[in-house]
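**Student:** Handing you this structure, nothing more for now.
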Amino acid sequence: MKKLNLFAILTAASLLALGSMQPAVAANWSVYKDYSFNKLQLANPQPFAKHHALLQVSEANPHQWTLALNNAANLIQYFGQDKVQVVVVSYGPGLKMLLHNSRDAKRIASLSAEGVEFDACHNTMEHMKRKIGHLPKLVPSAVIVPAGVVRIMQLEQHGYDYIKP
């Protein structure tokens, strides 16, 4: 009984701590703190997926963003939502696609609801913080990863097919 009460107290304290975090971190699931290159963590795991794709977005080019989002939608349409795991990794200037006020925010939310994961590079976020004075606010479904290029390497190591739109 005491262990159960301690668990309830720790859970409540954790939730309170999350509520006091900056919006860019609190709203987003993160693999940043517990990251292990050898252990793949996903926000929306598709356990029955037979196909795995990663899409790289590293340019501040809205046309490239549209192409990447079209690629993700086409993969889901072709293979089926439960048969493909799609991860979009954004870093460098491409991180702008995942900003909360991005022109593609609604489409990202829709694709995320279909199981697409959108990874945001923490290194890029820190670089942006130095310029704007705070961490950038991301779309709620963005997953914070330590480094975009490291995430790409990790996904490839775990059998993901690399696609650069």
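**Student:** Would you be able to say whether some residue in segment 29-41 is more than 18 Å from SER141 (Cα to Cα), acidic (Asp, Glu) and either surrounded by fewer than 20 Cβ atoms within 10 Å (Cβ to Cβ) or modelled with pLDDT of 95 or more (or both)?
**Tutor:** Yes - at least one qualifying residue is present in segment 29-41.
**Student:** Just the residues that are in contact with a Lys or Arg (Cβ under 6 Å, 6 or more places away or on another chain) and touching a residue at least 60 places away in the same chain (Cβ under 8 Å), please, taken from segment 110-165.
**Tutor:** Across segment 110-165, the qualifying residues are LEU135, VAL145.
**Student:** Can you find a residue that is at pLDDT 95 or above and over 11 Å from the mean Cα position of the chain (by Cα) anywhere in segment 137-144?
**Tutor:** yes
**Student:** Pairs please, first residue from segment 49-68 and farther than 13 Å from VAL88 by Cβ, second anywhere and among the basic types (Lys, Arg) and modelled with pLDDT of 95 or more, Cβ atoms under 7 Å, 6+ apart in sequence or on different chains.
**Tutor:** ALA49/LYS83; LYS50/LYS83; HIS51/LYS83; ALA60/LYS96; PRO62/ARG103
The values are calculated or read from the model by the stated rules, or taken from the named source; none is laboratory data. Keep in mind it's a predicted model, so treat the numbers as computed, not measured. Here Cβ is always computed from backbone atoms with ideal geometry, including for glycine, and neighbour counts include all displayed protein chains.
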